[in-house]
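See below for the structure under consideration.
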Amino acid sequence: MTRTAPTASLRSLAGRTWVMEPEGMAARHWAMTLCRNAGFEPDVRFETTDLLIHLRLVEHCHAAALLPDLVWNGKAPTVTLRQLPRGQRTRRIFTAVRRGRSQHSATKACRHALQQAAVEATTPTDA
């Protein structure tokens, strides 16, 4: 596994074929903006919402992709990783329940688990 400088490493993928989510999706907009801010227009030849297909295309050297850590499912990455440029990278997660159920123990447990996962994901680890 190799890690390189953020903006330069993303820019190094400028000539590659890309897989991204379909146009109109927030993830696609974010990815396109990230690439454009790195100085290139990505050549998106594959579109799918299935992140495992994204991963397989990258593993078989058919495309570059921006993959969330969740695709590794706790296992070691199977492809070369590049550091993304620092900046405001946030995700907003909403939960919705029927009226009167916001204080239900299951709802509280789910929301607490989401908050804990967010804290763990943003806490720096020793590498």
Can you tell me which residues in region 62-117 are among the β-branched types (V, I, T) and assigned to a loop (DSSP other than H, G, I, E, B)?
T78, V79, T80, T90, I93, T95, V97
Looking at region 51-60, can you tell me whether even one residue there is loosely packed, with under 10 Cβ neighbours inside 10 Å, in the same structural domain as T122 (by TED's automatic domain parsing) and farther than 28 Å from T123 by Cβ?
no
In region 16-36, which residue that is surrounded by fewer than 13 Cβ atoms within 10 Å (Cβ to Cβ) and touching a helix residue (DSSP H, G or I) at 6+ places or on another chain (Cβ under 9 Å) is farthest from V79 (Cα to Cα)?
E23
Considering every residue within region 17-31, establish whether at least one is under 27 Å from A117 (Cβ atoms), in contact with a Lys or Arg (Cβ under 8 Å, 6 or more places away or on another chain), assigned to a strand (DSSP E or B) and not assigned by TED's automatic domain parsing to the domain that holds L114.
yes
Does region 85-92 contain at least one residue that is at pLDDT below 85, closer than 26 Å to M25 by Cα and surrounded by 13 or more Cβ atoms within 10 Å (Cβ to Cβ)?
yes
Options T78, T48: the member that is surrounded by 10 or more Cβ atoms within 10 Å (Cβ to Cβ), over 18 Å from T122 (Cα atoms), of a type outside the set (F, W, Y) and assigned by TED's automatic domain parsing to the domain that holds G15:
T48
Pairs under 7 Å by beta carbon, first residue within 26 Å of P68 (Cβ to Cβ) in region 90-110, partner part of a helix (DSSP H, G or I) and among the polar types (S, T, N, Q), six or more apart or different chains?
V97/T107
Taking T80, is it in contact (Cβ under 8 Å) with a residue 40 or more places away in the chain and of a type in the set (S, T, Y)?
yes
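The values are calculated or read from the model by the stated rules, or taken from the named source; none is laboratory data. Small disclaimer: the values here were computed from a predicted structure and weren't measured. We place every Cβ from the backbone using ideal geometry, glycine too, and count neighbours over all the protein chains shown.
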